Amino acid sequence: MSIRPVKRIVKSTPTMEGAGVKLHRAFGFGETGEFDPFLLFDDFRNDRPDDYRAGFPWHPHRGIETITYVLAGTVDHGDSLGNQGTLGAGDVQWMTAGSGILHQEMPKGDPRGRMHGFQLWANLPSSLKMTTPRYQDVAGKDIPEVVDDDGTRVRVICGNFWGKRGPVDGTAAEPRYLDISVPAGRRKTFPVEVGRHAFAYVFEGSGTFSSASQPFGVLTEKENADGAETLIRERTGNRSLVLFDSGDEVTVQSGEEGIRFLLVSGKPIEEPVAWYGPIVMNTKAELQQAVTELRNGTFIKHS
């Protein structure tokens, strides 16, 4: 067994999307090769309705899958194929945009005005870019949860883990998507298959992710005032993304308040990425075709 070293820790940054939704982005719209097959990860968490109620009005997608996981509040959704519904706390929507879809997502807070959820974009290989669009709406009650003897809890959204299989299936990169809670002061190790890219996103509590040579923390090199390199210990906390290197295990030491994080991994697609907003293809010519079809009304290929 080999524990995955930490490549780097990224603090998600504030940005604005849709019609004025304030959120935090951990990665996306740049060089995403280290995250392949994943393209973007957003944390939309806010206690002020004015910062999210404008939502994400009608917009297109092609060539990707979007994964929405709601923790608090609700998200009303609808699309050009006539699908509509509401995601509540604990629910997941895995949308395969494939050949193209127009949809909207309108968040609403809970009775206290709180809204919290995540959206992850996963790429599709060229062979599936133009596949028929597909929805998988999963109620929170249908997501299996595994509880270890020490109180560690794992919700298995997608993939196999600790004898449970998540309800989302038929996904291109065979991803594993887990919501993990580790009680205070615990050291836990979780398997991650070799050959996958993997990251963790911390959204509650704090802790340290370690490698074999760094048993209780992540050591990063920084320069001191004299220009010499000094090793310092960094603790990951709220809205921190941890990108892992290769190996077959991830180890975390939880802090005084415990830690809760998403652990996401998937097989790299390793194909060229041509990206224009919500459309991701393999070539610029394919992007131009998609834009042309949006303009002339032929974007939707399947009804």
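Can you list the residues, at least 5 places off or on another chain, whose amide H is less than 5 Å from the amide H of L39, using H built in the peptide plane?
W121, A122, N123
Give me the percent of the accessible area of the chain that comes from carbon and sulfur atoms, probe 1.4 Å, all protein chains in place.
48
Using θ = phi - 60° and the Karplus curve 6.51 cos²θ - 1.76 cosθ + 1.60, what whole-Hz ³J(HN,Hα) does each residue of the stretch 39-47 get, with Gly and Pro shown as x?
10, 7, 9, 10, 10, 9, 10, 7, 9
Label-point separation (nm) for T86 and R114, each offset 7 Å from Cα along Cα-to-Cβ?
Label at T86, label at R114, 1.9 nm between them.
Whole-Hz Karplus ³J(HN,Hα) for the stretch 282-296, in order, using 6.51 cos²θ - 1.76 cosθ + 1.60 and θ = phi - 60°, x for Gly and Pro?
9, 9, 5, 4, 5, 5, 4, 4, 4, 5, 4, 5, 4, 6, 9
Under 17 Å Cα to Cα from K11, which lysines show up? Leave out anything in the same chain fewer than 8 places away.
Answer for K11, where 17 Å is the Cα cut-off: K22, K222, listed by chain and number.
Can you list residues whose amide H is under 5 Å from A89's amide H, if they're 5+ apart or on another chain and H is modeled 1.01 Å from N?
G73
So what is the relative contact order of the chain, in percent, for Cα pairs below 8 Å that sit 6 or more residues apart?
Relative contact order, the chain: 22 percent.
Provide the per residue accessible area, probe 1.4 Å, for the stretch 39-160, rounded to a whole number of square angstrom.
Per-residue accessible area for the stretch 39-160 comes out at 37 Å².
Hey, which aspartates and glutamates would be in cross-link range of K108, C-alpha to C-alpha under 20 Å, not counting anything within fewer than 8 residues on its own chain?
Cα-Cα hits under 20 Å: E17, D42, D43, D47, D50, D51, D76, D79, D91, D137.
Among F27, F161, F190, which one shows the biggest mean-square fluctuation in a GNM of the chain, springs joining Cα atoms closer than 10 Å?
Per the Cα network of the chain with a 10 Å cutoff, F190 tops the list.
Relative contact order for the stretch 1-67 using alpha-carbon pairs under 8 Å, separation at least 6, rounded to a whole percent?
Taking the mean separation of contacting Cα pairs over the length of the stretch 1-67, I get 29 percent.
Hand me the GluC sites (Glu not before Pro) from the stretch 261-303 located in a DSSP loop with no more than 14 other Cβ atoms within 10 Å, in residue order please.
E270
Using Cα springs under 10 Å in a Gaussian network model of the chain, which residue among H24, H116, H59 shows the largest mean-square fluctuation?
Comparing H24, H116, H59 in a Gaussian network model of the chain, the most mobile one is H59.
Using a Gaussian network model on the chain with a 10 Å cutoff between Cα atoms, which of V154, V138, V146 fluctuates the most?
In this elastic network of the chain, the residue with the biggest mean-square fluctuation among V154, V138, V146 is V146.
For the stretch 74-146 and the stretch 12-53, what is the separation of their Cα centres, given in Å?
Computed from Cα coordinates, the inter-centre distance equals 15 Å.
Measure off 7 Å from each Cα along the Cα-to-Cβ vector at E34 and S126, then give the distance between these two points in nanometres to one decimal.
2.7
Kindly write out, for the stretch 148-155 in residue order, the coupling ³J(HN,Hα) from the Karplus curve 6.51 cos²θ - 1.76 cosθ + 1.60 (θ = phi - 60°), rounded to whole Hz, with x marking Gly and Pro.
3J(HN,Hα) across the stretch 148-155, in whole Hz: 7, 4, 8, x, 5, 10, 10, 8.
For E249, which sequence-distant residues (separation of 5 or more, or a different chain) have an amide H within less than 5 Å of its own amide H, given hydrogens modelled in the peptide plane?
The answer is S2, R4, V192.
Expressed in nm to one decimal, what extension gain is obtained for the pair A54 and M16 from 0.36 nm per residue of sequence separation less their Cα-Cα distance?
12.6 nm
The values are calculated or read from the model by the stated rules, or taken from the named source; none is laboratory data. The structure displayed is predicted, hence computed values, not measured ones. Heads up, the Cβs are rebuilt from the backbone with ideal geometry, glycines too, and the neighbour counts pull from every protein chain shown. The accessibility values were calculated without ligands, DNA or RNA, using every heavy atom of the protein model including side chains. Shrake-Rupley method; radii C 1.70, N 1.55, O 1.52, S 1.80 Å.
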